[in-house]
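The values are calculated or read from the model by the stated rules, or taken from the named source; none is laboratory data. Just so it is clear, the structure is predicted and the values come from calculations on it, not from any experiment. Please note: Cβ atoms are built from the backbone with ideal geometry, for glycine as well, and neighbour counts cover all protein chains shown. For the accessible areas, the whole protein counts, side chains as well, though only heavy atoms, and no ligand, DNA or RNA atoms are used. Shrake-Rupley method; radii C 1.70, N 1.55, O 1.52, S 1.80 Å.
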Amino acid sequence: MGAVAERSGRQRAGTEELGDVRERRREQRGWYFYDWANSVFSTSVLTVFLGPYLTEVTKAAADADGYVHPLGIPVRAGSFFPYAVSASVLLSVLVMPLAAAFADRTGRKKPLLGVSAYLGAAATAGMYFLDGDRYLLGGVLLVVANVSFAVSVVLYHAFLPQISTPGERDAVSSRGWAFGYAAGALVLVANLALFLGHDALGVTESVAVRICLASAGLWWAVFTVVPLLRLRERPVPQHTAVRVSLGQGFGQLADTFRELRRYPLTLLFLLAYLLYNDGIQTVITQASVYGSEGLGLDQTTLIGAILLVQVLAVAGALLLGRLAARHGAKRTILGSLVAWTVTVGVGYFLPREEPVWFYALAVGIGLVLGGSQALSRSLFSHLVPAGKEAEYFALYEISDRGTSWLGPLVFGLAYQLTGDYRYAILSLVVFFALGFVLLARVPVRRAAAAVGNLPPGRI
């Protein structure tokens, strides 16, 4: 009887464990879909369509000297879009930690994710009404959408340690990035078909762009339903489950910064990420400038290269995820930084007006782009104290968004001092080299143990 009872107990335990695995896989599949939902905002809206279109709308509203006057401040029409982006980044840096503190203290990540996602999606869909000289409407919608996007991404990241075991996180994070890049490529192809064929479809170029912008918002809204249905909240300890006021939220943020000093290895990783990710973001934003101004390439070539990066980033994220399973996330990221350094260095030597070589550069970028970002996210998840996921991922996003001016500043200074975009692109090597040096100095197992986490077999 004892043996039967023992065997029955083992069977029940096995069934419960299998059920846990099934539930975890279900949540992970739902989690992937938020990358699928929001990535079209980054790709179609911020990277391709909104900048040129909002600039044209602003020019239509400008006075004879080429200035608009939001809030009575004279602004060159060509500067309005980057100023709006900068304002949205600054505001998101202030809002993200507050939302994160609220989420961790109340245990309500999912409702906050839903509110921020649908607010951003609504603002993006509202860009359909951006026509004529409504540049102020465009600026407001951009700020609302980009801040909402930032907040939702922090909350999305914070679910990663809760829906995956330590050994699964590299693969789960990589699949999420792959989903995002796949959606970005798919929607961008459809958007480009509409934009390039607008005459045949009987719509103006302006209407085509507005449809592309609005479709990104609708896509974001529709597919956000999946993670909201599948993700579940985790209970928080009684001593932390409290109402959080505005003042308490900022107080909690200050506590998080003070606590971070107790974990110098986590801080060292954030500094390394700050440097090499700034290099990555600058390559993404300035590659088209280098292609057009430095290499004399046309817009069709540049859009084709962006699409190629999107497609290859899917394969790259999955490939680097597999390499991480064999060699560990840290070694794989270090290898990707070597690849970034070589790719950017080769960019210096590209011949002018030769699209094939620029496409080759896009191949190199695409293969390391998604993987280096995905593995950085999963590696950081091991360095976060349990119950503080949203707050620490807010710091992670601040080290991304809050410092994204540094790389473009170096790029711009290099061009200003030399008058040559080749030296500007080459200057970005320093970000990857310094990031490599700092990351190599992070003992990740010791860093994970310092915050009370058990690292996986390979990290």
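Structural remarks
- Boolean, R230 is among the basic types (K, R) and either surrounded by 22 or more Cβ atoms within 10 Å (Cβ to Cβ) or modelled with pLDDT under 90 (or both): no
- Note on region 158-190: residues that are touching a Gly at 6+ places or on another chain (Cβ under 8 Å) and open to solvent by 10 Å² or more (accessible area, probe 1.4 Å) amount to 6.
- Scanning region 124-154 for residues that are under 30 Å from S378 (Cβ atoms), touching a residue at least 40 places away in the same chain (Cβ under 8 Å) and among the small types (G, A, S) returns A145, A150, S152.
- Extreme residue, modelled with the highest pLDDT, among residues of region 431-452 that are assigned to a loop (DSSP other than H, G, I, E, B) and crowded, with 17+ Cβ neighbours inside 10 Å: V442
- Looking across R10, R26, one residue alone is modelled with pLDDT of 85 or more and open to solvent by 60 Å² or more (accessible area, probe 1.4 Å). It is R26.
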